[in-house]
Amino acid sequence: MSHSNFNDIPPQESREKWFKSHLLAREIELKELYEMPQQELDLLMAETAELRSDLGNRDRNIGKYCTAGYFLELARIIDKRRIES
């Protein structure tokens, strides 16, 4: 499956913004989501959704909570585009 339509990464997403994923056992930059295999994207969406679902996480670490939100929303957008194409 080709994802060539995801090569035009918006400038605001090319700045270094990363999320440390425990399920993928690595740090991921926001721009990596465009080329991420679907299985990894699914795991990342599950992990970030779980982190965002516990409002206590917001109080414990607002930065990680917000970053998880960025990654989750972008992953959802990419996932939807892949399904539609």
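In this structure, H22 does not satisfy being modelled with pLDDT under 95 and of a type outside the set (A, V, I, L, M, F, W, C). Given the criteria surrounded by 13 or more Cβ atoms within 10 Å (Cβ to Cβ) and at pLDDT 95 or above, does L51 qualify? In short, yes.
Within segment 28-48, restricting attention to residues that are modelled with pLDDT of 95 or more and in contact with a strand residue (DSSP E or B) (Cβ under 8 Å, 6 or more places away or on another chain), the residue that is surrounded by the most Cβ atoms within 10 Å (Cβ to Cβ) is T48.
The values are calculated or read from the model by the stated rules, or taken from the named source; none is laboratory data. On a predicted model such as this, the values are computed, not experimentally measured, just so you know. So basically every Cβ, Gly included, is an ideal-geometry build from the backbone, and we count neighbours across all protein chains shown.
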